[in-house]
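Structure record follows, encoded as structure tokens.
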Amino acid sequence: MKRNNQGFTLIEVMVAVGIFAVTVSAIVLSTSQSISSAKQLKDKIQARDVAEQFITNIWISKDLPDDGVHHEEVEQGDRQWLVDLQVDTIPYFKEEPFNIIAKRIEVKTKPANEDQYSDVYIAIVSEPGP
């Protein structure tokens, strides 16, 4: 008499479950890393936008800030941002007929609730000549 078993053994089921668990773990880890990378990229882009906005506003206003360190807090998007400016005067064309003064502006930005600043952005802007 011949028995025809139509199923999987316990070992086959355990191997299949193990393979499935490893595959799901790899997918979850990969997704988690992708989400973390996307958040970091979003933060860097927003930090750059905040810095560029500050530099553009200074350039448009043609009213250069005084030398020294300046601290600002702004809201961009759904977050508060801290902006630190380091302003230094650079003699550019100090002789006649130019008499132009340039400022080196170093901008560091970070979300208000974080400790580390993003990249540093540097701009050179000048006062209009006579």
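Structure above, values below:
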{"read-out": "Enumeration of residues in region 46-94 that are aliphatic (A, V, I, L, M), in a strand (DSSP E or B) and modelled with pLDDT of 85 or more", "value": "VAL69, VAL74, LEU82, VAL83, LEU85, VAL87"}
{"read-out": "Residue check for MET14: at pLDDT 90 or above and either open to solvent by 70 Å² or more (accessible area, probe 1.4 Å) or of a type in the set (S, T, N, Q) (or both)", "value": "yes"}
{"read-out": "Subset of region 29-51 (residues that are open to solvent by less than 90 Å² (accessible area, probe 1.4 Å) and either in contact (Cβ under 8 Å) with a residue 24 or more places away in the chain or β-branched (Val, Ile, Thr) (or both))", "value": "THR31, ASP43, ILE45, GLN46, ALA47, ASP49, VAL50, ALA51"}
{"read-out": "Qualifying residues in region 69-85 (those that are touching a helix residue (DSSP H, G or I) at 6+ places or on another chain (Cβ under 8 Å) and of a type in the set (Val, Ile, Thr)) - the one nearest to THR109 (Cα to Cα)", "value": "VAL83"}
{"read-out": "Given (1) of a type outside the set (Lys, Arg); (2) open to solvent by less than 80 Å² (accessible area, probe 1.4 Å); (3) within 27 Å of the chain's Cα centre (by Cα), index of the condition THR23 fails", "value": "(3)"}
{"read-out": "Residue check, ALA102 among the small types (Gly, Ala, Ser) and surrounded by fewer than 12 Cβ atoms within 10 Å (Cβ to Cβ)", "value": "no"}
{"read-out": "Which numbered condition LYS62 misses (of (1) in contact with a Pro (Cβ under 9 Å, 6 or more places away or on another chain); (2) surrounded by 12 or more Cβ atoms within 10 Å (Cβ to Cβ))", "value": "(2)"}
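The values are calculated or read from the model by the stated rules, or taken from the named source; none is laboratory data. The structure presented is a predicted model; accordingly, all values stated were derived computationally and were not measured. We place every Cβ from the backbone using ideal geometry, glycine too, and count neighbours over all the protein chains shown. Quick note on the areas: whole protein, heavy atoms, side chains included, nothing else; ligands and nucleic acids left out. Shrake-Rupley method; radii C 1.70, N 1.55, O 1.52, S 1.80 Å.
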